[in-house]
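The values are calculated or read from the model by the stated rules, or taken from the named source; none is laboratory data. Predicted model, so just to flag it, every value in this text is computed and none were measured. In this analysis, Cβ positions are derived from the backbone assuming ideal geometry, glycine residues included, and neighbour counts consider all displayed protein chains.
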Amino acid sequence: MEMLRLEFDLQHHLVLSRKNPNDHALIRLILSTLATSKEIANLTKKDLKRKGKAYSIQLFGEKRRISPLDEQTFNLINSIEGEKPFNLKEGEIDEIVSRYSPKDRKYTAKSLRKAMIAFLNDSSLFGIQIESLSSKELEDFMNDFNPLFSGVWLDEEGLRDFVLNYSTLNNITDPRKIAEETGIEESFVVSALKSEKSIFSLAKKFDSERFIF
């Protein structure tokens, strides 16, 4: 259950930040590459690399490292004006991350990065520790397990699940209010709320039934 909640928190940042392209690019950068605040602040567009359909990025923090990058994040960062996309201090980066956090849990760049690492390590099913992978292994891993690379968190099914979970966790059933808070089209929210129950409401029902004697 905790991993399902963790996934919701990560998707929450991703979905709600779409209202601001620059903020969305920053959130995606953390979730796509596990970038630290220092790496984000040091980034320049010269650090973005493309080879065919493969995208990568040089990151400079405590040391230089190269990370795979999903195509949409690559394009978003490239579209930001100026050679240095994120001319921000650590506190300013944390403020942006916090802005798109769930109402009951506030994240910083560091804790969002930590949450994504936990999610990815759990997703692999093979006990793989992502931070120990070589560059090629990391590229294969991200393509297989990172939802930003496949796009599933923002496709129709992913957004439908998000709406259902958002409604349950925030105890909101008004489609207009959900649409206003999430930036998702109201007509889509209406359709999603009619489709099925959220996994969180089903889990609560299951837990309550377990203890009926």
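Worth a mention:
- From Ser167, Ser201, residue being farther than 22 Å from Ile27 by Cα, surrounded by 15 or more Cβ atoms within 10 Å (Cβ to Cβ) and at pLDDT 95 or above: Ser167
- Residue pairs meeting the criteria (Cβ under 8 Å; at least 6 apart or on separate chains; first surrounded by 14 or more Cβ atoms within 10 Å (Cβ to Cβ), in segment 46-73; second assigned to a loop (DSSP other than H, G, I, E, B) and among the charged types (D, E, K, R)): Tyr55/Asp70; Glu71/Lys53
- Enumeration of residues in segment 173-192 that are part of a helix (DSSP H, G or I) and among the charged types (D, E, K, R): Arg176, Lys177, Glu180, Glu181, Glu186
- Among residues of segment 18-51, those that are touching a strand residue (DSSP E or B) at 6+ places or on another chain (Cβ under 6 Å) and either hydroxyl-bearing (Ser, Thr, Tyr) or assigned by TED's automatic domain parsing to the domain that holds Gly183 (or both), counted: 1
- Flag if Ala54 is within 17 Å of Asp140 (Cα to Cα) and either in the same structural domain as Ser132 (by TED's automatic domain parsing) or of a type outside the set (A, V, I, L, M, F, W, C) (or both): yes
- Subset of segment 99-139 that is of a type outside the set (A, V, I, L, M) and touching a strand residue (DSSP E or B) at 6+ places or on another chain (Cβ under 9 Å) - its residue that is modelled with the lowest pLDDT: Ser135
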